[in-house]
Structures are given as C-alpha cells and as structure tokens.
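For reference, the structure is listed below as structure tokens.
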Amino acid sequence: MTKPLISIVSPTYNEEQNVAELHTRICNAVAQYEGKYEFEIIIIDNCSEDNTVRRLTDIAKKDPRVKIIVNVRKALTVRAKNIADKNRITRPTKRQTTMLLPKMKPICPNILSIGRNPGSCA
C-alpha cells in the first residue's frame, strides 16, 4: 500500500546561515511519522544574494527528499506553494497534503514544534 505524501514547502532568501537548521528541524519534526507517511521537502529560494543555494544543494545531495526551486527574480513569499505546483515538483493527488512553512526566523526555538504555531516564537 502506498503511503500518503506530505510536501513541506518553505521559502528562503539570504538564509545561508539557517538552511541547515531548517532541514534538521523539519527532519526531526517528521521523524515520528515516517512509517505512516512519505515526505518531500521543497525549498524555494527567492533569488538569494548569498550562498543559500549552494548550501541547499549540499543538503539535497545528502537527502533525496529535498527538492530545490531557485527563482531567477524575486517573487512574493505567498507564491511559494504556487511556484512548487507550477514547476510540477509537487503533484497534487488524493494522497497528498502540502504544508507551507513561514519564513524561518533566525532564533526561534518553537518553529517546527508539533502542536505549536510554526511561526510563533512566543
């Protein structure tokens, strides 16, 4: 039986110092559900001017669940899910759910904690 697919989509912009932590937190948050669901992690870089894309590429080489979309011009963050769908990285089906994460705040211990608002640092 095929496991339901959950796509986790997150935008980035000049986040070279944070993308490894983002990946770690996503992996930790989904680890307890991996037997029940399949996961893909889609990171959409918004034309970063630092080494974000290079760091994402290094992460994707080690984790085949990670897919990267690099915008060649800046786009609105709210368009991240639409960009993922348009590029056919996610293929919406009856067995798929897409979760859009807010932009990660550098020091935010609660982000990606199950049962809490992922955008809350309170």
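Each reported figure results from applying straightforward, stated rules to the coordinates on display, with no laboratory input. No experiment lies behind these values; they were computed from the predicted model shown. Ideal geometry is used to build each Cβ from the backbone, glycine not excepted, and the neighbour counts take in all protein chains shown.
Looking for something part of a helix (DSSP H, G or I), more than 13 Å from V70 (Cα to Cα) and among the charged types (D, E, K, R) - is there at least one such residue anywhere in the range 14-26? For the range 14-26, residues part of a helix (DSSP H, G or I), more than 13 Å from V70 (Cα to Cα) and among the charged types (D, E, K, R): present. Evaluated against (1) of a type in the set (V, I, T); (2) buried (at least 16 other Cβ atoms within 10 Å of the Cβ); (3) part of a helix (DSSP H, G or I), V9 falls short on exactly one condition, (3).
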